[in-house]
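Working notes for the structure below.
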Amino acid sequence: VELDESGECLQGGGPTDLRELVVRRGGELLVLAGVAADAAAGDAQIIATLDNGSAMAKFAQMVAAQEGDLNAARPRGEALVMESPAAGVVESIDAERLGYALIELGGGRKQKTGPIDPSVGLEMLVRLGDSVEQGQPVARMFVADRGVETAERLTREAICISDTGAQPELLHERID
């Protein structure tokens, strides 16, 4: 799921919050590296590389150097859509609980030597502060053959819908 989303971003698309994060942080890195004069110039350079295809071309080059194949089919488990239990606003999302849901599905390890199932994953369809209707899809889980009930429960518990809420800033602060 993350690779597909990242690939979309490297080709000028993808979720707007991911693109904003890549542009803002990437622009700052270019300033720190002395490649851009200021944040605006750095942001512009990042936007240009995302939109003209050079970011994806460089990524493909790095994957090929590691004998990977971006065109190879990636395994994907059965998709289960999680719906909002009520109308309201996404007040909070417990990322730790979502992590545990993925571990239950096999997308993470319970023990250091345990296997990881690359076919499982979680795609969030809403952000903090989003308004939702009852029954609206809020997440999509890709599942295989284990831990589905527990993962569903943990995911439902992780997403809190309330009557009020506001969309927070993507980045809260910068620590120098």
- Item | Average accessible area per residue (Å²) across the chain - probe 1.4 Å, nucleic acids and ligands excluded | 62 Å²
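Over region 1-96, what is the relative contact order in whole percent, taking alpha-carbon pairs under 8 Å and six or more residues apart? Provide the component values of the computation, followed by the final result.
Numbers: 63 pairs, mean separation 20.5, N = 96.
Relative contact order of region 1-96: 21 percent.
Please state, rounded to one decimal and in Å, the Kirkwood hydrodynamic radius that region 1-41 gives when every pair of distinct Cα atoms enters the mean of 1/r.
One decimal place: 10.8 Å for the Kirkwood radius.
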- A correct Stokes-Einstein calculation for the chain, using the alpha-carbon Kirkwood radius, 20 °C and 1.002 mPa s, returns a whole-number D in µm² s⁻¹ of 117 µm²/s
- Got a number for carbon plus sulfur as a percent of region 1-70's accessible area, 1.4 Å probe? 59 percent
- Item | Cβ-derived FRET efficiency at R0 22 Å, Arg76 paired with Ser54, nearest 0.05 | 0.20
- Item | Under 5 Å, built H, 5+ apart or other chain: amide partners of Ala36 | Val31
- Task: Express the relative contact order of the chain as a whole percentage, based on alpha carbon pairs under 8 Å and six or more residues apart in sequence.
- Result: 23 percent
- Query: What are the residues whose amide H is under 5 Å from the amide H of Met82, where those residues sit 5 or more places off or on another chain and H is modelled from the backbone?
  - Reply: Val138, Ala139, Arg140, Met141
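Can you tell me the equivalent ellipsoid semi-axes for region 40-133? Use √(5λ) from the Cα gyration tensor, largest first, whole Å.
Numbers: eigenvalues 182, 123, 35 Å².
Listed largest to smallest, the semi-axes of region 40-133 are 30, 25, 13 Å.
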- Query: For region 86-176, which GluC sites (Glu not before Pro) are both in a DSSP coil and crowded by at most 11 other Cβ atoms within 10 Å?
  - Reply: Glu133, Glu169, Glu173
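Work out the FRET efficiency for Asp145 and Val1 from their Cβ-Cβ distance, taking R0 = 30 Å, and round it to the nearest 0.05.
Details: r = 18 Å, r/R0 = 0.60.
In this case the efficiency is close to 0.95.
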- Please report, for the Cα atoms of region 86-141, the Rg to one decimal and the Dmax as a whole number; what are they, in angstrom? 13.8, 42
- Task: Mind listing the long-range amide H neighbours of Ile161? Cut-off is under 5 Å, sequence gap 5 or more, other chains count too, H placed in the peptide plane at 1.01 Å from N.
- Result: Glu91
- Using θ = phi - 60° and the Karplus form 6.51 cos²θ - 1.76 cosθ + 1.60, what ³J(HN,Hα) does each residue of region 43-50 get, whole Hz, x for Gly and Pro? 4, 4, 5, 5, 4, 4, 5, 5
- Task: Give me D for region 1-76 in µm² s⁻¹, whole number, from Stokes-Einstein with Rh from the Kirkwood sum over alpha-carbon pairs, 37 °C and 0.692 mPa s.
- Result: 250 µm²/s
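Size of the dipole of the chain about the Cα centre, Lys and Arg at +1 and Asp and Glu at -1 on the beta carbon, nothing else charged, in debye to 20?
Values: 16 positive and 30 negative charges, 106 e Å.
With only Lys, Arg, Asp and Glu charged at Cβ, the dipole is about 520 debye.
The values are calculated or read from the model by the stated rules, or taken from the named source; none is laboratory data. Predicted model, so just to flag it, every value in this text is computed and none were measured. When we count neighbours, we look across all protein chains shown, and the Cβ atoms used for this are built from the backbone with ideal geometry, even at glycine. Note: accessible area is taken over every heavy atom of the protein model, side chains too, but ligands, DNA and RNA are not part of it. Shrake-Rupley method; radii C 1.70, N 1.55, O 1.52, S 1.80 Å.
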